[in-house]
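Before any comments, here is the structure.
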Amino acid sequence: SKAPYRRQPPASTAKIVTALVVLDSLSLDEWVTVSGAVQYAEPSKLYLRAGEEIRVRDLLKALLMNSANDAAMALAIAVAGSERAFASLMNAKAKSLGAQDTHFINSSGLPGEGQYSTANDLALFIQTAMKNGVIASILKQRRATIETSEGKRYYLSSHNKMLLRGRNVY
């Protein structure tokens, strides 16, 4: 391994911990009302609209397949009321999984002061996630369609380059 304990930004790998915390907190069939705060999420995003209602399972697909930062934010607010409060839950989850050197400040993994992890901790999060049937099945999908309570559809394509090349890495 190369520098497994060096602190670096977690990037979108943070979304794995976001998914784990969400699955600890919400039912897959629960509807989430998208907060107006999501309009300020930086790309990559789906461009969710305030007031839309989307099931947790569909927001998780957007989070894990499309790396949608607005989906991450919508889920964080649904669970904890704010991204800051959700980041505290992420930090607690990371510690409970045995992470030694990780600190989150947001649900998306976007860079920010004080947000870091190590390759060793990120590997631990991914190993844990792949043991979760919901996360593993989402990560294996190439495409999906999600729908709001009013019937608006979003079409997703996985950002996983290894999956898109046809390699079975899971």
Residues located in the range 11-24, provided they are surrounded by 15 or more Cβ atoms within 10 Å (Cβ to Cβ) and either at pLDDT 95 or above or over 17 Å from Ala87 (Cα atoms) (or both): Ala14, Lys15, Ile16, Val17, Thr18, Ala19, Leu20, Val21, Val22, Leu23
Test: Ile105 is within 15 Å of Leu60 (Cβ to Cβ), surrounded by 15 or more Cβ atoms within 10 Å (Cβ to Cβ) and among the β-branched types (Val, Ile, Thr): no
Where a residue in the range 11-29 is at positive phi and its partner, wherever it lies, is open to solvent by less than 10 Å² (accessible area, probe 1.4 Å), with Cβ under 6 Å and at least six apart: Ala11/Gly109
One residue from Ser137, Ser96 being within 15 Å of the chain's Cα centre (by Cα) and among the polar types (S, T, N, Q): Ser137
Lone unmet requirement of (1) within 23 Å of Leu46 (Cα to Cα); (2) surrounded by fewer than 21 Cβ atoms within 10 Å (Cβ to Cβ) for Lys95: (1)
Single condition Tyr116 does not satisfy, out of (1) more than 19 Å from Gln8 (Cβ to Cβ); (2) open to solvent by 30 Å² or more (accessible area, probe 1.4 Å); (3) among the aromatic types (Phe, Trp, Tyr): (1)
Of all residues in the range 119-150 being among the hydroxyl-bearing types (Ser, Thr, Tyr) and in a helix (DSSP H, G or I), the one that is surrounded by the fewest Cβ atoms within 10 Å (Cβ to Cβ): Ser137
Residue within the range 83-96 that is part of a loop (DSSP other than H, G, I, E, B) and either of a type in the set (A, V, I, L, M, F, W, C) or free of Cβ contacts under 8 Å to residues at least 24 places away in the same chain (or both) present: no
Residue count, the range 45-73 (criterion: in contact (Cβ under 8 Å) with a residue 40 or more places away in the chain, more than 17 Å from Glu150 (Cβ to Cβ) and not basic (Lys, Arg)): 8
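The values are calculated or read from the model by the stated rules, or taken from the named source; none is laboratory data. None of the values given here were measured: they were computed from a predicted structure. Reconstructed Cβ throughout: ideal geometry from the backbone, glycine too, with neighbour counts over all protein chains shown. Protein only, heavy atoms only, side chains kept; ligands, DNA and RNA dropped before computing areas. Shrake-Rupley method; radii C 1.70, N 1.55, O 1.52, S 1.80 Å.
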